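Accompanying notes for the structure given below.
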RNA sequence: AGUCCCGUAGCUCAGUUGGUUAGAGCACCACACUGAUAAUGUGGGGGUCAGCGGUUCAAAUCCGCUCGGGACUACCA
C-alpha cells in the first residue's frame, strides 16, 4: 500500500535539487507548454540580457517576477511560450574586448597603428566575448527555477535576426521615417560614438562635477555708446575650452543691460563692461558704488564702479566684437551679438557665449543668424593643432582632464612645468593644469578675464566609459519618432502599466517631450545600417532582405561595380541555418559591398545602428518575421486591432495562434527609456500597434541599508551563494512578499530565513502532521469518494471557506500583477488559519479512534488545503509547491491517471488552477470563527493575568450579549472555544440575571455630521451622562440633549453600548466583546487539572523514550494521597489519552527505572512507563 | 535647477472617502503551551505618524512651507 512520504527535516536546497532533477527527467517545462497546445496563447517576451556580464541578485528578482506570471497563466490553461534571448551587440562588449586586448578604437582597422587589429578579427573577438558568461546565466536560470527556453534562444547577431531588423528599417525608410541629419549631439570621445538621448538618460549619467568657470570680456568694436574707456561685453562659461570656437554672443531681447564703468580686477585698467542689470550686484558689490574712482589703486580688493548707460537686449543685437582667441579665423560672418530666446538672467551675466559646434542652442541660434562656426576640437576630444601658443596651449591636447590617463597626465604635467616655469608664468607648478585652467590664465594675462571661479554643476557622462560627454556636430541617421509621437501617446494609454504612475508619468512625460531617435553609432560590432548611397548623394538604396541584397550585388557585379557576389551561395527562400551561415552581414563584409544604381557606385553608410533598436525589434526578429512565422505577427495584429473574427477568449480554445503583441513583459524601471520605449516605438511606427499590453516595471534591489549594490563597495549579494544556502523558493518568496515589485527592495538575508521558518517551516510541519497520521490510518485520498462539504463539521467548513476566499483573492491578485499581496495572503492563511487554528483545534480528530466519516472529512479537508496552497504558491515557490503537490498526490497517481481525475498530473505545474467555489465561501461562518478566535484569545489573556495554566479546567465563561445575532454566532462555535481554553460551559447573560457595567461610546462619524461645531460639547456631555444616555437609548431608542441652544437627538446608530464589566468576575474586553471567567477551582476541577498534568508528564516520557505514537504502555506511578484520588477519578481519561493499557499505583517505585516529576507546585512523584506486548 | 514620488515602532511593512486609545510580523524581555513544532499562545517595553504652519468639531490621512531620501527631466551659458 502506498504511503505519503515522511521526512526528518526541512531542507529547502535539497528540495530544489530534487525537483530540478525531476523536471529535467520528466521534461516538465516542455510539457507545461506542449500540454497547452491549441489553447489560447499568453504571449510573453523575454528582454534579452547581455551575457558578457555576470548575473546579479537583481536579475533573480526581475526573473522571479516574469516567472510568476508565466507559471500562473499556464496554471490557468494558457499556452505560455518563453523564448530566451541574448543581446549581443553594443558598446559594453566592444569596450570589454578593447580592454581585454589592450587596444583602443583608433587601433581597429587602422593599419598605421602599431597595435593594428582588423575589423574582421575584432568582430570575431566580440562574437566570442559576448557569450562569455552564458554558462553562468544558464546556471542561475536553472537554479532559481526560472522557466525559459534556453535551447533555442534568439541571438541578435544572427543573420536571420539582422535580416528582420533590416526589414523593419527598410519599412521605416519606405515610410520616409529615416533621415540623415547634421546636429549637435552628445558625443563620447572615449567611446568614439554619439549617444542617443535614452542612453544619456540612463540613471547615473548626470553627475555633479566641479569645473573652472570664467567670466570673459569681449572687446566691442563698433560701439554707438559714448563712454570714456574701452567697452567690453561680459559672458560666463563653464567650458572655457569652447572659447577658441566662439563666434557669437547671445542676449535676451527684453532683458535690461547696463554699461558699468569700473576697473579690470586683474589688470586694474579702466574699462566699461556690459551685463544684465539684474545681475549687476553679482559682479559689482553694492557697497563699492560709494567708492571714489580717484582713490582706486590697481590690486585693491574693493573696486569702485558707476553705471554709465543702459540698453535693452534688442538694442545690443548687431554689435560686433573682436575675436577672443584668434587661433583660427572663421569663414563668413561671425563675432556678432545676436538675440536668443533661451537667454535668462538666472546665471552668469545674462549674455551667453556661443560656440555653434558645441551646443545645441548655439548651433540653432547661429544658423538662424547666419553666423559661421569654428570646430577646433576633433572627435578624439583633442584640440586641433592650430590651438596652441607655445606657453599655455600646445595643440592636440585633450580638452577635458578626464580624458587623460594617469600616465598621460604625468607626461603632460612635466611638459607644462618646464614650459610655464621657463616662461616665468608660474613659479613652481605642482599639479597638472587643465586646458580650462590654462585658457583662463592666458585670458587673464591678456586682460580678457573678468572673474574666475570653481562651479559645481551636473554634467552628462557616457554611461559606459564614465567619461564626460561633449556636444559635437555629427552626421547621423535618425528615426523620425516625433512624427509618430501622438500615436505613441495614444497607444500608450491602452497599456496596463504596473505601477500606473510609471506609464503616465515617467513614460508618458517622456513621450510628450520626444525627440527624433538618433540611430547612428560609429562603432564596429553591431548591425550595419542597410543603406547604400552614391558619393554625390543623388542615388540611394535601402536593403530590406538578404534576397534584395543578393540581387543588388548581382546587378553591381553585372555593371562592374563589384568583382564577385559574397552572397552567391545564399538560396532565397531557404531558411535553414546552413543557408544563413554562408555569409556575414556584419562589418567589414557589409562595407565591402558596393552597389550600383543609374550608373553610379553606391557605398554603404558607415554607421551601425543603436543596439536598443536590436532589442526593440525582438518581437519580430526572434521569429525571423516576415520571412518566417508571418502569421504569428499578422494574426496578432488582426486580433488586437479588432479585425480578427475571434476575440481573444480567456482560457478558450481555438483562438488564432498569435505571438504579438505581448500580453506581458517585465523589466527593471531603468528600461522605461530603454527597452520599453524601443519596443513601443518600433511597434507603433511599423505596425500601428502596441508591442505589449501589460508591463511590470520593477524597482531596484538595494542592500539592507538602502544603498545601491555595487561590486566596488562589496555590498553586492551573490545570487549563487544565496540560492545555495536558502534555496530558490525562500529567496524568491522573500523578494516577492517583502515589497511591491515596483518598490525598491532592501535586500536582507535575515528576511529570507524568516520566510524559511515561518512559511516553509510551518507548511512542512503541517504536511508532516498530515503524512504521519494518514500513514498511521492507512488513509489515502480518493478523488471519487469525498465527504460532501455540507456533511463536514463547522471547523472543516470554516477552513474550506477561508481556502476558497483565498483562491478567489489570490487569483485576482495574480491577474492584476500584484504578486506581493498574493504572497502575503498565502502566508496569512498558512500560518494563522491553517496551522494555528485549524490544525491545532483538529489534532484530536486525527489521532483519536478508528476511521470514521468525521476523521475522513478531517483528512480530506487538510489535504485539500495543502494541495490548493501548493498550487497557489507554485508560481512564486515553484520547487516547494511542486514538492508538496507530489508528496500529497504521488501515492494515488496511478489511480488518478486511470480515472483521469484532476490529480493525474505528475507535477503541480501541469495542473489546472482550482477555481473558487462561491457556495463554499460562507461569510457568516468566517465571522463566527473570528469571534471564536477573539474570545479564546481573551479568555487566555484572563488566565494569564490570573496565573491559571490552561491545563487547569475551569467551570464557566459568561458573555454579556446585547444582540441575538452575535449570541447565535458564538453559540455555533461554543465547543471550539471551550476546548481551546479548557472551560466547561459558556453562559450568555443580560441584566435580568446579572449586573453588567456598560460603557457608552459615541459614533463620531454619524454625530460629526449631525452636530458639526457642537461636537466637542456633545462629547463632554456624553462623558458625564453615559448612564442616563444608555438607559434612554435602551428603553426608548433615543436621547435628546441641548447644547449651545441646539437640540441634538442621539439615536441607536449614534452610540455603541458596550458591556465592560461584571462585578465579581474576571473580565476582559476588546471592542464590543466582553467576556468574564469564573476562576474558582472546585475539588473536581482541581483533580481534573492534576489528571491532565499527569497525562502531560506521561506524554513527555513517551516522547523521551522514543515510543511510537501507536505503542501501548504500562504506567506505574508512586502513590500520593491527593494524586490517587485525582487519578482514580479520571482513570479512563488518562489511559485513553496516553494509550495506557495498564496504570498501576505503587507504593515504592524503583528510582532507577522511574522518573521524578513535579505534578504541580506542591506535589511530586515518580512515574515509570514501559511498552506493552 | 525644475517636476514627481516617498518619510508611520530598532527592522520590514499595513493603515482608499478625515472619526474615538495608529496596527501586524520580525527582533528583545517574561510567562505559558506542545504526541505536527527550527513552531505557537499571552503579557510587556518600544511611536511628538520627518518638522512647522493652515483648513476642520475632528488630521497619519486634505493644503502650504522646510528638512531628509529616491526617481525623472535638463543644451541651462
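A short reminder: the numbers here are calculations on the coordinates, not readings from a lab. Remember, it's a predicted structure, so these values are computed and weren't measured experimentally. Virtual Cβ from ideal backbone geometry, glycine too; neighbours counted across all protein chains shown.
Between residue A:457 and residue A:1047, the FRET efficiency estimated from the beta carbon spacing at R0 = 60 angstrom works out to 0.30. Packing around the peptides A:427-434, A:41-48, taken as the average count of other Cβ atoms within 10 Å per residue, puts them in this order, highest first: A:41-48, A:427-434. Helix A:878-889 axis versus longest C-alpha principal axis of chain A: approximately 30°, rounded to the nearest ten. Across chain A, the relative contact order, built from alpha-carbon pairs under 8 Å that are at least six residues apart, equals 12 percent. As a rough guide to protection, the peptides A:676-686, A:980-990 ranked by mean Cβ packing within 10 Å, highest first, stand as A:676-686, A:980-990.
For chain A, the longest principal axis of the alpha carbon atoms and the long axis of helix A:819-828 meet at an angle near 20°. The spacing between the range A:958-1037 and the range A:868-885, judged by their C-alpha centroids, is 45 Å. Fully extending the segment from residue A:926 to residue A:314 would add 212.4 nm, taking 0.36 nm per residue of separation and subtracting the current Cα-Cα distance.
Assuming a ≥ b ≥ c are the square roots of the Cα gyration tensor eigenvalues, decide whether the range A:1055-1163 counts as rounded (a/c under 1.5), prolate (otherwise, with a/b larger than b/c) or oblate.
prolate
Take every Cα pair under 8 Å whose residues are at least 6 apart in sequence, average their separation, divide by the length of the range A:203-348, and the relative contact order is 31 percent.
When each of the peptides A:858-865, A:759-766 is scored by the mean number of other C-beta atoms lying within 10 Å of its residues, the order from highest to lowest reads A:858-865, A:759-766.
How big is the gap, in Å, between the Cα center of the range A:543-610 and the Cα center of the range A:729-766? Using only Cα atoms to place each centre, the spacing works out to 55 Å.
A simple spin-label model places pseudo-atoms 7 Å from Cα toward Cβ; at residue A:944 and residue A:226 they are separated by 9.6 nm. Could you state the angle between the C-alpha long axis of helix A:134-144 and the longest principal axis of the C-alpha atoms of chain A, as a value from 0 to 90 degrees rounded to the nearest 10? Taking Cα atoms only, the helix is inclined about 30 degrees.
Residues of the range A:227-261 falling in the label zone of residue A:293, defined by backbone nitrogen less than 11 Å from a point 7 Å along Cα to beta-carbon, are A:227-230, A:261.
Extending 7 Å from Cα along the Cβ direction at residue A:24 and again at residue A:557 yields two label points whose distance is 4.8 nm. Between residue A:210 and residue A:375, the FRET efficiency estimated from the beta carbon spacing at R0 = 25 angstrom works out to 0.40. Determine the shape class of chain A: with a ≥ b ≥ c the square roots of the Cα gyration tensor eigenvalues, call it rounded for a/c under 1.5, and otherwise prolate if a/b is greater than b/c, oblate otherwise. Prolate is the answer for chain A, as a/c is 1.5 or above and a/b outweighs b/c.
Based on Cα contacts under 8 Å between residues 6+ apart, the range A:1012-1156 shows a relative contact order of 15 percent. Backbone N atoms of the range A:543-575 closer than 11 Å to the 7 Å Cα→Cβ label point of residue A:582 belong to residues A:566-575. Helical content of chain A, expressed as a calculated mean residue ellipticity at 222 nm, amounts to -11000 deg cm²/dmol (DSSP H runs of 4 or more residues, -39,500 (n - 2.57) each, divided by residue number, nearest 500).
The separation of the range A:124-168 from the range A:1115-1173, counted between C-alpha centres, amounts to 72 Å.
Ranked for footprinting exposure by Cβ neighbours inside 10 Å, fewest first, A:851, A:19 give A:851, A:19.
Neighbour counts of C-beta atoms inside 10 Å place A:926, A:850, A:1053 in the sequence A:850, A:1053, A:926, starting with the fewest.
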